[in-house]
Amino acid sequence: MVEISESLLPRLVGELPSLAPRRHSDVLSPTVVRLTLGQDGRIFSLIPLQSSGLKQADQEAVNLARGLRFRPAPASAEDPARDFTSGQLIFYWHAIELGETNGAAPNR
């Protein structure tokens with residue numbers, strides 16, 4: 001499951017990605033990524049804030065975040081800083097237990 005900040009949600013184009021279960025022997029923490037969007041809807045900055053504990057899951061979160069598309073924001077003449085929108089994406093990983101062994105099946 002992926003959760004998005006309310007500040008980013010109105011600008012999101014399409015759906016949030018779904019996450020495939022990951023084979024891992026331990027519980028994975030959520031990966032948290034901070035996004036800042038420019039007025040044109042492009043990602044201005046992407047910063048990983050919290051690791052899941054699995055490098056491959058964290059890299060997948062960053063890649064999925066980079067692939068999201070956002071709508072442009074209306075420009076504000078009174079406050080140019082409002083042309084940027086920041087928020088977080090939280091990637092909740094579902095870990096599937098590894099089998100008893102990762103080796104070959106026993107000979108019979």
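A short reminder: the numbers here are calculations on the coordinates, not readings from a lab. Fair warning: this is a prediction, and the values are worked out from it, not measured in the lab. Cβ: placed from backbone, ideal geometry, glycine included. Neighbour counts: every protein chain shown.
Per-structure values
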read-out	value
Residues residue 50 and residue 26, FRET efficiency given R0 of 25 Å [Cβ-Cβ distance, rounded to 0.05]	0.95
Three-way shape label, region 1-93, alpha-carbon gyration tensor, a/c 1.5	prolate
Cα principal axis extents for region 1-52, largest first, Å	42, 22, 16
Residue 90 paired with residue 34, simple spin-label distance in nm, labels 7 Å along Cα-to-beta-carbon	1.6 nm
